[in-house]
1. The conditions are (1) in contact (Cβ under 8 Å) with a residue 60 or more places away in the chain; (2) under 17 Å from the mean Cα position of the chain (by Cα), and Val164 fails exactly one of them. Which is it?
2. Please enumerate the residues belonging to the stretch 43-56 that are among the hydrophobic types (A, V, I, L, M, F, W, C) and part of a helix (DSSP H, G or I).
3. Do we find a residue being in a helix (DSSP H, G or I), without any contact (Cβ under 8 Å) to a residue 60 or more places away in the chain and under 14 Å from Ile17 (Cα atoms) anywhere in the stretch 57-78?
4. Is it the case, given these coordinates, that Tyr5 is over 18 Å from Asn128 (Cβ atoms) and touching an Asp or Glu at 6+ places or on another chain (Cβ under 8 Å)?
5. Does the stretch 115-124 contain at least one residue that is touching a strand residue (DSSP E or B) at 6+ places or on another chain (Cβ under 8 Å), hydroxyl-bearing (Ser, Thr, Tyr) and buried (at least 24 other Cβ atoms within 10 Å of the Cβ)?
Amino acid sequence: ETARYHNPYREYIGAQIRADFYGYCNPGDPVNAASMAYRDASISHTGNGIYGEMWVAAMIAIAAVSSNIRYVVTTALEQIPANCRLAEAVWRVVKDFDNGTREEEAREKLHTLYNENIELEWGSVITNAAVVAHSLLYGGGDFKKSMIYAINCGDDTDCTGATVGSMLGIIGGTSGIPSDWSSY
């Protein structure tokens, strides 16, 4: 009942930011990663709040065996309901990317769809999943570029930046982090 009883944050990003572990301990196995993430997320979240953790866990599990970012982002969506709002938001970003929409234009579109100035929207798992997908796709595997996109999109920047960094870390290891970001 903890996830449902008087919980205005049940579809926030809180569970999504706990997903990394389940992806790391299930390399190449997005089904098991998502299953473990589901059990974890259901303690504190419902609906899309759960799906966000499942999607990120599956992405990390896939990223352990594939460096194709688009493949990682979209294949992980197979672990959540195709018609949920989170999947729809991520597919919207993928569609813009595939159609050649410029990064700045795609980022502006995110800002018109989601308003981080509304109290219960800035931490929404849907908004932030869209930002993660945007940053990974438009960053194209470049750590610095992807992190800057994650931060420039706004919303819950520390969480989206951590997820994007984690994804790129499992793909490229420490050698993928530029020295001006790792020398501190």
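Bear in mind that the values in this text are calculations on the coordinates, not laboratory data. These numbers were taken from a predicted model, which means no experiment stands behind them. Cβ placement follows ideal geometry from the backbone for every residue including glycine, while neighbour counts extend to all protein chains displayed.
1. Checking Val164 against (1) in contact (Cβ under 8 Å) with a residue 60 or more places away in the chain; (2) under 17 Å from the mean Cα position of the chain (by Cα), the one that fails is (1).
2. Our first condition is that a residue be among the hydrophobic types (A, V, I, L, M, F, W, C); within the stretch 43-56, this holds for 43, 50, 54-56.
Those that are among the hydrophobic types (A, V, I, L, M, F, W, C) and part of a helix (DSSP H, G or I): Ile50, Met54, Trp55, Val56.
3. Taking the stretch 57-78 first, the residues in a helix (DSSP H, G or I) are 57-63, 69-78.
Keeping just the survivors that are without any contact (Cβ under 8 Å) to a residue 60 or more places away in the chain gives 57-58, 61-62, 71, 74-78.
From what is left, the residues that are under 14 Å from Ile17 (Cα atoms) are 57-58.
Checked the stretch 57-78: at least one residue is in a helix (DSSP H, G or I), without any contact (Cβ under 8 Å) to a residue 60 or more places away in the chain and under 14 Å from Ile17 (Cα atoms).
4. Details: over 18 Å from Asn128 (Cβ atoms): yes; touching an Asp or Glu at 6+ places or on another chain (Cβ under 8 Å): no.
Considered against the rule, which asks whether it is over 18 Å from Asn128 (Cβ atoms) and touching an Asp or Glu at 6+ places or on another chain (Cβ under 8 Å), Tyr5 comes out as no.
5. Looking for residues that are touching a strand residue (DSSP E or B) at 6+ places or on another chain (Cβ under 8 Å), hydroxyl-bearing (Ser, Thr, Tyr) and buried (at least 24 other Cβ atoms within 10 Å of the Cβ), one finds at least one in the stretch 115-124, hence yes.
Quick grid of which residues meet (1) surrounded by fewer than 21 Cβ atoms within 10 Å (Cβ to Cβ); (2) within 21 Å of Ile177 (Cβ to Cβ); (3) in contact with a helix residue (DSSP H, G or I) (Cβ under 6 Å, 6 or more places away or on another chain):
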site	(1), (2), (3)
Ala58	no, no, yes
Thr75	yes, no, yes
Ile80	no, no, yes
Glu88	yes, no, no
Lys95	yes, no, no
Asn128	no, no, yes
Ser135	no, yes, yes
